[in-house]
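Student: One structure, pasted below without further comment.
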Amino acid sequence: MQLETKRAGAAAQSAETLHPNWKREDHLIAVLAKNAREHGSEVAMRERDHGIWQEYDWKTYHDTVVAFAAGLDARGIGADDIVTVIGDNRPNLYFAMLGAICLKAIPSPAYPDTPPEELLGQLKREAVRVAVAEDQEQVDKLLDLKEDYAGLELIIYDDSRGLAGKEPEGVVAFDAIVAEGKARIDTEPDLAADLISRASIHDTAILLHSSGTTGVPKGIPLKHGHILSGVRNAAAAGYFRNGEVHMAYLPIAWVGDFIFSVGAALELRFTVNIPEGQETALHDLREIAPTLYFSSPRAWSSMLTRIQVGVAESTRFKRWLYERFMPFAVELERARLAGHKPSLGERLRHRVGDILIYGPIRDQLGLARVERPYTAGEAIGEDIFLFFRALGLNLRQFYGQTENCALAVAQAPDDISLSTVGRAFPGVEVKIDENGEILVRGDNVFDGYHDNPQATAEALRDGWLHTGDAGYLDGNGEIVVLGRVSEVVHTKDGTRYIPTYVENRLKFSQFVKDVCVVGKDRPHLAAIVCIDIDAVGQWAQENGVAYTSYADLSQNKAVYDLIEGLVAKLNAQLPEGIAIRRFVDLHKEFDPDDGEVTRTRKLKRDVIDDRYGAIIDALYSRDDEIEFEARITYETGQTGVLKRRLAIRDVADGKA
Amino acid sequence: MFYRLAGVHHTRYETARALWPIPADRKQVIVAGLIALVAPFFLSTLYLGSYMLPWLIWSSAALSLTLLMGMAGQLHFGFASVMAIGAYTSIHLARLGIPFELALIGAGAMSAVIGTVFGAAALRVKGLYLVIATLAMQYLVDWVIINVPAISGGAQATLRTPEVSFLLFPIESLTSRYYLALGWAALLAVFLMNVKRTSFGRALTAIRDKDFAAAVIGVDPFRYKLMAFFTSSFMGGVTGAMLAFCFYRAVTPEQFSFNVSIQLVAMVLVGGLGSVIGGFLGAAFVLLIPIVLTNFVAGLAASGWLAISSNLLAHVPLMIYGALIIGFLLLEPLGLAKIYDNTRKYFLVWPFRHSRS
């Protein structure tokens, strides 16, 4: 017993020596309490429920968090207990996470569509005792897992539909816990003050997870101090302002959501808006019209597709106007980035375009009030980037990892370049080591993986985070990211290339949803392409190409011609010696349920190599078609097989 | 293009159900209201007295009728007689020294009672037969007014309206009469827009669509048809009194003859059945287009572009007018209100063709 306290004390000691500049009582809960005290009646959160927005002010926010903490405390949850949180964005899930943080417990969010076996792995690895689930679906999933993992003592649910009144053993409503906590606070006068002062800046505020592209996901604990310093650095550089209106629609298990919707939202008093569901997110976005908007390149790309499809279907006059103004704006933006000053005539035309086209489109998208739109996660297509900048949105790129709170590098408002991701935030140092790997150091960089000293030793050396990304500094000191260091591969003749780099450039086309480039130890590159059904479907409609299903459309000869054109164009842009010689259109999309991509849609190459080995072999044979059976996992967990004859196409030499 | 919807969100269902939840619509209403309010200060007496004022009163009449024809689906080809009852009742009441405010209510009540009695025919007959029944009302009322000297003041007589005041304001000057008519038209417009959102309005719509189907879902056709006739006739009666006191200022039976009824039906049809903005547009069309056309054709004839006899000249505007009505009903059977609605939606989804998501 004594020994244990001693060890715990030593651990706390070392945590504090790690960050001597952090003040103990400067933590997220203290910030929340301050907001409740000074801005109690201001709106902190809105959630759309049955068509209207339910508002929560800071006082309600704070009181709910504290009451939940009191309720959880009564059930014996305390320091270093890990609380799994699973579900879509809901105010109560955020309150639950903060309630756990109050008790020095560690919330560990999971993606709502995590398959049971992955979730089981996470529960076991982290020895979870309590889980907070959004609705009946997640509760059922957890109850099933309880048979294999008895350690799960308590499941707390938010949405009472299908659960209220008939909860199984060990399942309790969020509201019930809050009510118990409220009763405790009413009877114990000092409890509330005690609960908000328990946490420390050196506590782990959240346990996030790496995407698991290679093997088991690693737990990434971020402390209050990491999050706060990351947010403060970003605020100091003007990347966030006080009182932003923010849309919380990205998965809570993704680092950005915790940083934006909780970290920055508390520190800078954002109004966090939560859509009714994933399906209504775009509609709800327009109702809120946020001032800060964060989206992945993929989402920006699908937004662009939506606009292009919409205009293509529009009336002749509107389309004519669009064609007068939109390409003009894109070219103007391209010239502006290259340093050209717009002439008076160009500025005038841009003004007119803003009234007729750009403004209405921004309004339709719900981005009318966005002053700080951002993209991050992977490279964004030049066309997409230019389009939204031409639309009058000051779109900028972020670069960061979960390990550094995703707040490391960003483009400055007035200094945008197409190839770089910008400069390090103030308070963050970035350098390139001799292997060409990007290293980051700063208070926002985490202190090591959860229970994984080996991985920690690999990633953190002398305080520098080894990001695993290959890159270099350009002439202006801006950072250029090439791809993963570990992903650099060589073809048979020794040509060096990064598959993601090639893939992303092909994915810049709206017609390509996913692509996997292969070529390791092979004579040349080849690609497995998944078409985008929306964009290609629209294209097929316009060009009179008949089709019945995704599989049918993907094997259409005209579609092959279309994709071949794209590949040939890409080949012409790629450096000497790198070119995709052959490709196949896959008859299904890569799907996280099938394990081919992660939840954030990053390719799992080993799975693809393994599952589509026959196709890859065929790509390097002389065959021009292959019969293939693809395995499909349905959402129920059942599997099926999709059998199809796939064509293989040689790409005409783009450089000819 | 003009409609900006980003950022319009509701925290209560009440605001989501507001009459104009979209800011651009609200602005249009405010601008139209302001123009109507300051019209007496910048319009000449001629335009105010001969265009704006009658337009507002006939719009009120069209709105009264559209409740019955558009919302409840009951045809009425004798609505001028309903207005006549209101006009004569109000004059006689005012002459008896009853305050004008009460006289207006009395006019409405009298029209409502008599209108409902004839409307009772609608309980048994539909469509063309109801048209005939309401025509009978038109002729009966006309006959009674002309042949009962106590009402009309004697054969060929003209009854002058006495001097009255409304809520202490004397209704004498053109401006005061204009504001009274404006107030009544605005009141009716707001009333009708709200009726559509009540259970009464929904019951009327159910009856319009199929009365026995409405009965099946628990809407009593007997009650609601009579209520529709009562409400509509009440509004028509007050409008008749407005017409007498604010515009004609002296009434004769011919002012409420059969062709006035037909014009009212035309206003409602051209404007768009059951639509409030349609009431205003329809009245403007039926009232103003003949004047514009007459001036236009006369202008053409005077400048020598149109060499026809003066006899034919008087008929050409009527022919064009008839053609216009036929054309409208062929091209847009839902009337001017639908054209307005289409235009609004064209801009609402700008620059796309339809709203997405």
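What follows is calculated from the coordinates using simple rules that are stated; it is not laboratory data. Just so it is clear, the structure is predicted and the values come from calculations on it, not from any experiment. Neighbour counts are summed over all protein chains in view; Cβ atoms, including those assigned to glycine, are modelled from backbone coordinates with ideal geometry.
Student: Counting partner chain Cβ atoms within 10 Å of every residue's Cβ in A:320-326, what's the average? Please report the intermediate quantities before stating the final value.
Tutor: Values: counts 0, 3, 2, 0, 0, 1, 1.
Rounded to a whole number, the mean comes out at 1.
Student: Rounded to the nearest 5, what % of DSSP beta bridges with both residues in the protein assembly as shown are antiparallel? Walk me through the numbers before you get to the answer.
Tutor: Values: 56 of 90 bridges.
Antiparallel bridges make up about 60 percent of those DSSP assigns within the protein assembly as shown.
Student: Return the sequence-ordered ³J(HN,Hα) values of region B:199-216 in whole Hz as given by the Karplus equation 6.51 cos²θ - 1.76 cosθ + 1.60 applied to θ = phi - 60°, using x for Gly and Pro.
Tutor: Listing the rounded values in order: 5, 4, x, 5, 5, 4, 4, 4, 5, 4, 5, 5, 5, 6, 5, 4, 4, 5 Hz.
Student: Another question about this same structure. Whose amide H sits under 5 Å from the amide H of A:Lys513, counting only residues 5 or more places off or on another chain, with H placed in the peptide plane?
Tutor: Hits under the 5 Å cutoff: A:Cys530, A:Ile531, A:Asp532.
Student: Using +1 at the C-beta of Lys and Arg and -1 at the C-beta of Asp and Glu, which of A:Pro575, A:Ile86, A:Tyr149 has the Cα lying farthest in the positive direction of the dipole of chain A?
Tutor: A:Pro575
Student: Could you tell me which of rounded, prolate or oblate describes region B:13-168, using a ≥ b ≥ c as the square roots of the eigenvalues of the alpha-carbon gyration tensor, with rounded for a/c under 1.5 and, failing that, prolate when a/b is larger than b/c and oblate otherwise? Walk me through the numbers on the way to the answer.
Tutor: Values: a/c = 2.13, a/b = 1.25, b/c = 1.71.
Oblate, since a/c reaches 1.5 and b/c is not below a/b.
Student: On to the next question. By how many degrees, 0 to 90 and rounded to 10, does the Cα axis of helix A:91-102 deviate from the longest principal axis of chain A?
Tutor: Once rounded, the angle reads 50 degrees.
Student: Quick one: compute the contact order of chain A, relative version, from alpha carbon pairs under 8 angstrom and 6+ residues apart, as a percent. Could the numbers behind the result be given before it?
Tutor: Working: 1169 pairs, mean separation 62.4, N = 656.
With pairs under 8 Å counted, the relative contact order is 10 percent.
Student: Along region A:338-345, what does the Karplus equation 6.51 cos²θ - 1.76 cosθ + 1.60 (θ = phi - 60°) give for ³J(HN,Hα), rounded to whole Hz, x for Gly and Pro?
Tutor: Using θ = phi - 60°, the values come out as 7, x, 7, 8, x, 6, 4, x Hz.
Student: Report, in degrees rounded to the nearest 10, the 0 to 90 angle that the Cα long axis of helix A:2-18 makes with the longest principal axis of chain A.
Tutor: Helix A:2-18 and the main axis of chain A meet at about 50 degrees.
Student: Could you give the length gained by full extension between B:Arg160 and B:Asn295, i.e. 0.36 nm per residue of separation minus their alpha carbon distance, to one decimal place? It would help to have the intermediate numbers written out before the result.
Tutor: On the way: separation 135, 0.36 × 135 = 48.60 nm, distance 3.07 nm.
Answer, rounded to one decimal: 45.5 nm.
Student: By average Cβ neighbour count within 10 Å, what is the ranking of B:187-196, B:226-235 from highest down?
Tutor: So the peptides B:187-196, B:226-235, ranked by packing, come out B:226-235, B:187-196.
Student: Right, something else. Order of A:111-118, A:331-338, A:272-279, A:199-206 by packing, highest average Cβ count within 10 Å first? Walk me through the intermediate numbers first.
Tutor: Working: A:111-118: 16.9, A:331-338: 15.4, A:272-279: 19.2, A:199-206: 23.8.
The peptides rank, most packed first, as A:199-206, A:272-279, A:111-118, A:331-338.
Student: Let me make sure I get this right: for chain B, a, b and c are the square roots of the gyration tensor eigenvalues over alpha carbons, sorted descending. Under 1.5 in a/c it's rounded, otherwise prolate if a/b > b/c, else oblate. Which is it?
Tutor: Numbers: a/c = 1.37, a/b = 1.14, b/c = 1.21.
Rounded.
Student: Ok, one more. With charges set only on the Cβ (+1 for Lys and Arg, -1 for Asp and Glu), what does the dipole of the protein assembly as shown come to about its Cα centre, in debye to the nearest 20?
Tutor: Numbers: 98 positive and 113 negative charges, 884 e Å.
Around 4240 debye, computed over the protein assembly as shown.
Student: Please state the shape class of region A:295-483: rounded when a/c is under 1.5, otherwise prolate if a/b exceeds b/c and oblate if not, all from the C-alpha gyration tensor. All intermediate terms of the calculation are to be shown ahead of the outcome.
Tutor: Numbers: a/c = 3.06, a/b = 2.18, b/c = 1.40.
Cα axes put region A:295-483 in the prolate bin.
Student: Now, a different point. Only four residue types carry charge here, +1 at the Cβ of Lys and Arg and -1 at the Cβ of Asp and Glu. Report the dipole size of region A:488-650 about the Cα centre in Debye, rounded to the nearest 20.
Tutor: On the way: 24 positive and 28 negative charges, 90 e Å.
Dipole of region A:488-650, to the nearest 20 debye: 440 debye.
Student: Let me know the mean shielding of B:344-352 by other chains, meaning the per-residue number of their Cβ atoms within 10 Å of its Cβ.
Tutor: Values: counts 0, 0, 3, 1, 0, 6, 11, 19, 15.
Per residue, the average neighbour count from other chains is 6.
Student: Excluding same-chain residues fewer than 8 positions from A:Lys34, which aspartates and glutamates have a Cα within less than 16 Å of its Cα?
Tutor: A:Glu25, A:Asp26, A:Glu42, A:Asp57, A:Asp63, A:Asp194, A:Glu267
Student: Treating cross-link reach as a plain straight distance, find the lysines whose alpha-carbon is under 16 Å from the alpha-carbon of A:Lys104, omitting any fewer than eight places away in the same chain.
Tutor: Excluding near neighbours in sequence, the set is A:Lys223.
Student: Would you pull out the residues with amide H under 5 Å of A:Tyr293's amide H, same chain only if 5 or more places away, H placed 1.01 Å from N?
Tutor: The list, which skips near neighbours in sequence, is A:Arg372, A:Tyr374.
Student: Same structure, new question: Kindly flag which residue pairs out of A:Lys507/A:Lys602; B:Lys196/B:Lys345; A:Lys124/A:Lys218; B:Lys27/B:Lys345; A:Lys141/A:Lys182; A:Lys141/A:Lys602 have an alpha-carbon separation exceeding 19 Å in this structure. It would help to have the intermediate numbers written out before the result.
Tutor: Numbers: A:Lys507/A:Lys602 12 Å; B:Lys196/B:Lys345 21 Å; A:Lys124/A:Lys218 13 Å; B:Lys27/B:Lys345 16 Å; A:Lys141/A:Lys182 29 Å; A:Lys141/A:Lys602 25 Å.
In this structure, B:Lys196/B:Lys345; A:Lys141/A:Lys182; A:Lys141/A:Lys602 lie more than 19 Å apart at Cα.
Student: Another question, if that's okay. Using the Karplus equation 6.51 cos²θ - 1.76 cosθ + 1.60 (θ = phi - 60°), what ³J(HN,Hα) coupling, rounded to whole Hz, does each residue of region B:172-180 give in order, writing x for Gly and Pro?
Tutor: Values per residue, Gly and Pro as x: 10, 5, 4, 4, 5, 5, 4, 5, 4 Hz.
Student: A further question follows. What number, rounded to the nearest 500 deg cm²/dmol, is the helix-based mean residue ellipticity at 222 nm of chain A, given -39500 (n - 2.57) per DSSP H run of at least four residues and division by all its residues? Before the final figure, lay out each step's value.
Tutor: Values: 22 runs with 248 residues, N = 656.
Value at 222 nm, helices only, nearest 500: -11500 deg cm²/dmol.
Student: If you place +1 on the Cβ of every Lys and Arg and -1 on the Cβ of every Asp and Glu, how big does the dipole about the Cα centre of region B:43-348 come out, in debye to the nearest 20? Display every interim value, and only then the final one.
Tutor: Details: 16 positive and 10 negative charges, 121 e Å.
Dipole size: approximately 580 debye.
Student: Separate question: So what's the angle, to the nearest 10 degrees on a 0 to 90 scale, between helix A:28-38 and the longest Cα principal axis of chain A?
Tutor: Orientation of helix A:28-38: about 80 degrees from the principal axis.
Student: Neighbour counts of other C-beta atoms within 10 Å: give me A:Phe446, B:Phe169, B:Phe280, A:Phe328 arranged from fewest to most. It would help to have the intermediate numbers written out before the result.
Tutor: Working: A:Phe446 22, B:Phe169 12, B:Phe280 25, A:Phe328 16.
So the ranking, lowest neighbour count to highest, is B:Phe169, A:Phe328, A:Phe446, B:Phe280.
Student: Name the lysines eligible as straight-distance cross-link partners of A:Lys643: C-alpha to C-alpha under 19 Å, and not fewer than 8 places from it in the same chain.
Tutor: A:Lys557, A:Lys588
Student: Using a 10 Å cut-off around each Cβ of peptide B:5-17, what is the average number of partner chain Cβ atoms that fall inside?
Tutor: 5
Student: Relative contact order, percent, of region A:488-650 when contacts are C-alpha pairs under 8 Å separated by at least 6 residues? Mind showing how you got there, number by number?
Tutor: On the way: 250 pairs, mean separation 31.6, N = 163.
Across region A:488-650, relative contact order equals 19 percent.
Student: Considering only B:Thr343, A:Asn444, B:Thr231, whose Cα is most displaced toward the positive end of the charge dipole of the protein assembly as shown, charges sitting on Cβ of Lys, Arg (+1) and Asp, Glu (-1)?
Tutor: With unit charges placed on the Cβ atoms, the residue in question is B:Thr231.
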